[in-house]
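Written below as structure tokens is the structure these notes are about.
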Amino acid sequence: MHFSIDRKYFYDKLSVVSRAISVFSPIPALSGICIQVEEDQIVLTGSDSNISIRSTILKGELNQLQIESTGSIVVESKYLLEIVRKLDCAIIDMEQMDHSLVRLSSVNGQFQLNSIRAQEYPSIDFSKPDHQFTLKGEQLKQIVSQTSFACSDKDQRPVLTGVNFHTKDNSLYCSATDSYRLARKVIALDNVEDFNITIPAKSLNEVTRSISEDDSDVLIYVDHKKAQFVFDKTIIQTRLIDGTFPDVERIIPTQYVANMEVSSSELTSVIDRTNFIRNEKIHLVKMECTPEICRIKTNSVEIGNSDEILTDCTYTGEDLTLSCNGTFMLDALRALNAQTVKLEFSGYLKPIRISNPEDSSIIMVVVPIRSYD
């Protein structure tokens, strides 16, 4: 195996593949990047057995790839990235010296790295699943940014650590919940078969980090075992989460006793200013709402209290006083990214629906907390 390539281009490709590699891999070979050099291309593979990334480098003007001989080897990811990043050269030369040694060289010097035989790298099945649909890179980034924050970060219920992708009536419903809040994004799709899967939030975040052009198409293949995201000669493959995702339709309120339209920036600022006032590490905010005045209050025996009036706000319906997790409210407001938000109240201690009046494709739900003060 022997080739030369543009150093920066090679580093960018290695960086994408390395995102699938865990530093705590139980299999030594999975701590490295598998490099397969063929006659007309190089295939890079990284995996932690749950998520796998394969990227192909073809000969082109941008990468200046020149292949002298073919072969394959596995090189420790962190050392390879460190060397390629820090070498002061435009073109880097990589050569396999024997079965377990590679040489990286530039015009000024060289490094030799101990490596692992390619035969020791686990076989990864990159065959395409049955169902296929296409999203723009920007659409996929929106889905992940507007939903994944609501996933659970605890492993007691693994299915809640992912985003549920469910198709029905030519629409893709993307939902995330930790049972205390919900985020759902709906995208219209044409001619797609029905499926219902849950993709780990960690995998989705790696996908969006790897998409370089927001306008590029991302081909998505799914079945009951795995999902593949294909773009820019790169395949990101992830296992799915087993288990039945909650029926979120039952969480979303449909009847309301009051509603509020308020400046998103004002509500965000008011809640964010009280972020340091916490009760048992929870940022608890109380909303006292009447058609005449709406107040946001916080109180902590150890720290102090706050009381602010919302000025750019319209409230109609029953008088209400309820408390909720301020962090959850801030996450929802920031994900909506709207100038004005609408809060619909279904009653005391009942879920609050939060939405952008100008974008019906995304809704948030926050469940109030019982307060005893």
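Here are a few things to note about the model shown:
- Rolling a 1.4 angstrom probe over the range 174-319 with all protein chains present gives an accessible area of which 45% lies on carbon and sulfur atoms.
- Accessible solvent surface per residue of the chain, calculated while the other protein chains remain in place, 1.4 angstrom probe, Å²: 50 Å²
- Computed with a 1.4 Å probe over protein heavy atoms only, the accessible area of GLU213 comes to about 120 Å².
- The Cα atoms of the range 215-267 give a gyration tensor whose axes a ≥ b ≥ c have a/c of 1.5 or more with a/b no greater than b/c, which makes the shape oblate.
- Separation in nanometres of the label points that stand 7 Å from Cα toward Cβ, at ARG157 and ALA188: 3.3 nm
- Partners of LYS13 within straight-line reach, counting aspartates and glutamates whose Cα lies under 13 Å from its Cα and excluding those fewer than 8 residues away in the same chain: ASP232.
- Anisotropy class assigned to the range 46-100 is rounded, per the alpha carbon gyration tensor with a/c under the 1.5 cut-off.
- Between the Cα long axis of helix 201-210 and the first principal axis of the chain there is an angle of about 60°, rounded to the nearest 10.
- 21 Å Cα-Cα threshold exceeded, pairs from LYS128/LYS233; LYS59/LYS233; LYS78/LYS141; LYS154/LYS342; LYS202/LYS226; LYS8/LYS136: LYS78/LYS141; LYS154/LYS342; LYS8/LYS136
- Shape category assigned to the range 52-201 from the gyration tensor of Cα positions, a/c cut at 1.5: prolate
- Rounded to the nearest 10 degrees, the inclination of helix 137-147 to the longest alpha-carbon principal axis of the chain is 50 degrees.
- Nonpolar atom fraction for the range 71-118, defined as the carbon and sulfur part of the 1.4 Å probe accessible area, stands at 46 percent.
- Restricted to Cα atoms, the chain shows a radius of gyration and a Dmax of 25.3, 80 angstrom.
- The aspartates and glutamates whose alpha-carbon is closer than 17 Å to the alpha-carbon of LYS86, local same-chain residues fewer than 8 away aside, are ASP6, ASP12, GLU76.
- Distance between modelled label sites at VAL107 and ASN275, nm, 7 Å Cα→Cβ extension: 4.8 nm
- Among LEU62, LEU44, LEU182, the residue with the largest mean-square fluctuation in a Gaussian network model of the chain, with springs joining Cα atoms closer than 10 Å, is LEU62.
- Taking all protein chains together and a 1.4 Å probe, the residues TYR180, TYR121 rank TYR180, TYR121 from largest to smallest accessible area.
- Lys/Arg +1, Asp/Glu -1 at C-beta; the range 21-172 dipole; positive extreme among THR56, ASN108, LEU30: LEU30
- Heavy-atom accessible area order for THR290, THR254, THR177, THR316, largest first, 1.4 Å probe: THR254, THR316, THR290, THR177
- Ordered from largest to smallest accessible area (heavy atoms of protein chains, 1.4 Å probe), the residues VAL16, VAL163 come out as VAL16, VAL163.
- The charge dipole of the chain, taken about its Cα centre with unit charges on the Cβ of Lys, Arg, Asp and Glu (plus for the first two, minus for the last two), comes to roughly 760 debye.
- Tilt relative to the chain, helix 326-336 - C-alpha long axis, 0 to 90 degrees, to 10: 70 degrees
- Length gained when the stretch SER360-GLU120 is fully extended (0.36 nm per residue, less Cα-Cα span): 81.3 nm
The values are calculated or read from the model by the stated rules, or taken from the named source; none is laboratory data. Keep in mind that this is a model prediction, so the values were computed, not measured. When we count neighbours, we look across all protein chains shown, and the Cβ atoms used for this are built from the backbone with ideal geometry, even at glycine. Only protein heavy atoms, including side chains, enter the accessible area calculation; ligands, DNA and RNA are left aside. Shrake-Rupley method; radii C 1.70, N 1.55, O 1.52, S 1.80 Å.
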